[in-house]
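Heads up, the thing below is written out as structure tokens.
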Amino acid sequence: MDFKNFIDECSKTIVGNQKNIKLSISAIISEGSILIEDYPGTGKTTFAKTITYNLGLDFKRIQFTSDLLPADILGYNFFKGEQSLFQKGPIFTNVVLADELNRGSAKSQSAFLEAMEEKNVTIDGETYKLPEPFFVIATQNPMDSSGTSLLPDSQLDRFMISFSLAELNSDQKKQVLKNNISFEHIKKSNINWNDIKKQKDQIKVNENVFEYILNIESFINQLNKDFYISPRCLKQISELAKGWALIDERDYVTHQDVKEILPSILRHRIRFLNNEKEKINFINSEILDKIVIPK
């Protein structure tokens, strides 16, 4: 797959967000889910659709509201005569867009937990495998928006990365105004996901890089903040770094790869700061700048 061409194609619709496009495809290669946090009307849904359609994957959108039920997401059993049948919900697709996830109830949010971790769902004791590949791209409005609720830590930890869309300059805003957004004419990529997975799994991670990742965890634990790095998160760092290296056409991971992806991995795990810029500044100045790279 020509990743540079893919990013260029997506950038025709998604203006001024090349790094976020690269992060997203790195996460998808690494079988991770994505959380986009921004205010309404900033292009979150357009971003998710553009990435998905360019990849040539099946896509379904679920609008989260306070009255949404788990059955509306997962599906339900029903009887036709004496025969019990299962009606699949919209989660049975390659990419599901959970739009405004933090406007849903705790029950509807938790319907995604098994799917995001195990790639299957369980209904009335019966387990159903989801299509392959399967990813969640969720959007949420900032916590100061009315009608929102905090996502539980168990769910946030399942997202590999999070980001807000980049602020556009005047020229980029003008380009957005000129763009006639249409998904019908997108050139869909013909991707062999098994080949992509094999390529990613063959990328080497030096012991020195693993030590650097563990140093990050150790340093965070010493900060005495309401901030926890799980073993799942550590695994996500190494897997996303492999995806990042693959896009850069390298067969090995560098310390710089880890530094570049870390803010998007840690951002949604920081609870003691609310402001987006404060979180990124904290990660860069209080973590990355103070951790010594092992020799």
- Considering only the stretch 11-47, state which residues are part of a helix (DSSP H, G or I), modelled with pLDDT under 90 and not hydroxyl-bearing (S, T, Y). K44
- Query: Does at least one position in the stretch 274-286 carry a residue that is more than 16 Å from K225 (Cβ to Cβ), in contact (Cβ under 8 Å) with a residue 40 or more places away in the chain and either open to solvent by 10 Å² or more (accessible area, probe 1.4 Å) or touching a Gly at 6+ places or on another chain (Cβ under 8 Å) (or both)?
  - Reply: yes
- Collect the residues in the stretch 67-77 that are open to solvent by less than 80 Å² (accessible area, probe 1.4 Å), touching a Phe, Trp or Tyr at 6+ places or on another chain (Cβ under 8 Å) and farther than 9 Å from S108 by Cβ, keeping them in residue-number order. G75, N77
- Is it the case that some residue within the stretch 142-157 is farther than 20 Å from I265 by Cα and either modelled with pLDDT of 90 or more or open to solvent by less than 10 Å² (accessible area, probe 1.4 Å) (or both)? no
- Count of the stretch 107-138 residues which are at positive phi and in contact with a strand residue (DSSP E or B) (Cβ under 6 Å, 6 or more places away or on another chain): 1
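Among the residues of the stretch 93-114 satisfying the criterion of being among the hydroxyl-bearing types (S, T, Y) and open to solvent by less than 10 Å² (accessible area, probe 1.4 Å), which is farthest from T50 (Cα to Cα)?
S108
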- Query: Does the stretch 195-251 hold any residues that are free of Cβ contacts under 8 Å to residues at least 40 places away in the same chain, among the aliphatic types (A, V, I, L, M) and open to solvent by less than 90 Å² (accessible area, probe 1.4 Å), and which are they?
  - Reply: L234, I237, A241
- Item | Subset of the stretch 158-178 that is hydroxyl-bearing (S, T, Y) and within 15 Å of the chain's Cα centre (by Cα) - its residue that is most open to solvent (accessible area, probe 1.4 Å) | S164
- Can I14 be described as under 16 Å from the mean Cα position of the chain (by Cα), open to solvent by less than 20 Å² (accessible area, probe 1.4 Å) and not acidic (D, E)? no
- Query: Which residues, taken from the stretch 33-66, are open to solvent by less than 60 Å² (accessible area, probe 1.4 Å) and of a type in the set (F, W, Y)?
  - Reply: F47, Y53, F59, F64
- Message: Checking the condition within 30 Å of I261 (Cα to Cα) and out of contact with any Leu (no Cβ under 7 Å at 6 or more places or on another chain), which residue from T65, T42, T52 passes?
- Response: T52
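The values are calculated or read from the model by the stated rules, or taken from the named source; none is laboratory data. All of these numbers come straight from a predicted model, not from anything done at the bench. In this analysis, Cβ positions are derived from the backbone assuming ideal geometry, glycine residues included, and neighbour counts consider all displayed protein chains. Side chains are part of the model used for accessible areas, which takes the heavy atoms of the whole protein and leaves out ligands, DNA and RNA. Shrake-Rupley method; radii C 1.70, N 1.55, O 1.52, S 1.80 Å.
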